[in-house]
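Structure first, commentary second.
Here, each number is a calculation from the coordinates, and none is a lab measurement. Every value quoted in this text rests on a predicted model; they were computed, and no experiment measured them. Cβ sites come from the backbone with ideal geometry, for glycine too, and all protein chains shown count toward neighbours.
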Amino acid sequence: MKYVYGLVLFCSIVLWSSCRNDFETVPSTGNLEFSRDTVFLDTVFTNIGSSTYNLKVYNTSDDDITIPTIRLGEGENSQYRLNVDGLPGKIFNDINILAKDSIFVFVETTLDIDNLPGGGLEFLYEDKIQFDTAGNQQDVTLITLVKDAVFLFPEDLGDGIYETLTLGSGEQAVDIEGFFLDNTELLFTNEKPYVIYGYAAVGPGDELIIDPGARIHFHKNSGLLVANTASIKANGIQSQDLEAMEGEIIFESDRLEPAFEDVPGQWGTIWCTAGSTNNEFSFTTIKNASVGILMDSNDGDRTLTLKNTQIYNSANIGLLARTANIYGENLVINNSGQSSLALSLGGTYTFNHCSFVNYWSNGFRSFPALQIDNGLETENGVIAFDLTQANFNNCIIYGSENIELGLFPINESTAFNFSLNSTLLRFNDINNNFEGNPLYEFNSTVVVNIDPAFENTRENNFNIEKNVSGAEGIADPSISNLVPLDLNGTPRNDPADAGAYQSTEFPPEG
């Protein structure tokens with residue numbers, strides 16, 4: 001009998017709760033409260049959907065209420081889309097909220113700037129969510145800035161198939177979604193941002209010129225590819241306003257919302273393939289890629305020159321070079337999932353007044369900020385190439401791990417010419433694992449384990465503090481004379497400081 005009574009009670013509860021949608025309500029009196037009075041949907045590119053934003057609507061009264069109408073001010077013509085308590089649409093009637101309860105309203109948009117009044121390169125689009133009508137009406141404002149852009153993407157071949165590029169040959173060939181830039185697309189200006197889908201390739205013998213102040217944005221799994229005998233020239237100019245960076249060239253993802261500002265791995269890489277040559281980057285920032293720059297081999301010629309360039313937030317490696325020939329000055333790389341700088345399979349390298357640091361903030365890291373090898377072991381044996389030179393002069397090599405330098409010569413018969421000169425290094429060998437290893441017997445100009453006193457590693461700010469930094473005054477003047485200005489455009493002292501920045505007095509906190 002107790003079992004029967006229990007079953008009846010349970011069924012009664014279920015039936016009562018299932019009918020609870022018919023609760024008694026009173027009309028809303030315009031006393032709703034909201035989690036915010038304005039929803040900023042941040043900046044989007046034309047025809048690219050925004051993130052979804054939420055608004056919470058509170059009924060603070062002791063009564064269950066019905067909101068007669070929730071609607072967008074422009075009704076069905078609005079460019080916003082709503083989802084109210086699980087229902088999609090733009091106009092909603094008789095929405096109930098229990099006493100002391102709340103509902104969610106989700107908002108998103110996709111805007112075509114050509115269909116907006118006035119058009120232009122930017123347009124601030126606004127609407128309102130209107131709750132109730134007449135004397136009880138309450139509004140929440142919606143604001144989105146939409147930008148025009150130049151869109152570059154592979155040709156749609158139909159049936160969901162897009163144009164592809166073939167990398168490698170034979171059994172090693174790999175197809176990736178991509179396309180070759182035509183002759184009319186080999187100049188990126190600063191008039192509009194560029195948004196790239198797939199891999200945009202610079203064809204053999206071609207040269208891609210990127211004007212100062214240009215902004216290049218990549219969709220997920222997208223990037224740039226520079227083919228054999230092709231080149232890329234991305235030469236910005238020193239910005240007068242360091243915050244505005246108006247003359248700087250920036251490569252980043254196509255997600256413009258603040259939540260994505262420093263998220264690693266949002267796009268692929270700038271891949272300068274084997275045989276590409278005379279690639280140049282100056283006054284350029286590359287951020288949030290999987291690999292910032294991948295520089296493959298070339299015989300003899302300079303493959304890549306990097307001046308006054310910053311590479312941040314790479315999911316894997318900031319700059320990965322394989323049997324390359326690279327010169328860098330005033331180069332800063334930070335926040336890489338593996339190494340900030342990886343020089344692999346030998347090559348020829350000179351870096352003057354650079355800061356290779358790694359304060360990876362997205363999880364565990366097992367690689368040093370700088371790692372160098374001249375070969376690798378494969379199933380068919382060892383592949384080795386001469387490391388003709390890897391010279392680091394007046395640099396900072398530092399980070400959040402005890403050991404921030406890894407040297408991996410593959411065998412004694414292959415050259416491994418590496419040198420640190422007048423450089424600040426983090427190499428805290430607490431377990432004496434490297435004691436007696438001649439590779440790690442640094443000369444007297446190398447300063448080890450003295451705090452560089454960076455201004456803000458989390459914000460990729462690697463200015464160093466005057467009268468505090470271990471990098472202060474340790475630079476070789478013969479190298480500083482070759483790079484007389486730091487990354488800020490500040491003249492270097494004599495003696496100068498190691499790294500990309502001359503020391504400065506930090507503003508007082510607060």
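Details
- Computed over the chain: relative contact order in percent, which uses C-alpha pairs under 8 Å that are six or more apart: 7
- Low-density loop positions, GluC sites (Glu not before Pro), segment 122-167 - DSSP coil, at most 12 other Cβ in 10 Å: GLU155
- Total charge dipole magnitude, segment 440-496, about the Cα centre, Cβ charges on Lys, Arg, Asp, Glu only, Debye to nearest 20: 80
- Each helix, a run of at least 4 DSSP H residues, gives -39500 (n - 2.57); summed and divided by the residues of the chain, these come to -1000 deg cm²/dmol at 222 nm.
- Taken one residue at a time, the phi angles of segment 191-208 give Karplus couplings (6.51, -1.76, 1.60, θ = phi - 60°) of 6, 9, x, 10, 10, 10, 10, x, 9, 8, 10, 8, x, x, x, 8, 9, 8 Hz. Gly and Pro are set to x.
- Charges were assigned to the Cβ only: +1 to each Lys and Arg, -1 to each Asp and Glu. The resulting dipole of segment 205-332 about its Cα centre is roughly 360 debye.
- Distance between the C-alpha centres of segment 269-327 and segment 453-493: 23 Å, rounded to the whole angstrom.
- Each Lys and Arg contributes +1 and each Asp and Glu -1, all at the Cβ; summed about the Cα centre of the chain, the dipole is approximately 700 debye.
- Amide hydrogen neighbours beyond the local backbone of THR164, cut-off 5 Å, H modeled: GLY178
- Nonlocal amide H pairs with SER253, under 5 Å, H built at 1.01 Å: PHE218
- For the residue pairs LYS128/LYS192; LYS220/LYS307; LYS56/LYS287; LYS90/LYS147; LYS147/LYS233, the alpha carbons lie more than 32 Å apart in LYS56/LYS287.
- The string of couplings for segment 360-371 from the Karplus curve (6.51, -1.76, 1.60, θ = phi - 60°) is 4, 10, 10, x, 6, 10, 10, 10, x, 4, 10, 10 Hz, one whole number per residue in order, with x for Gly and Pro.
- Percentage relative contact order, segment 23-147, counting C-alpha pairs under 8 Å, at least six apart: 35
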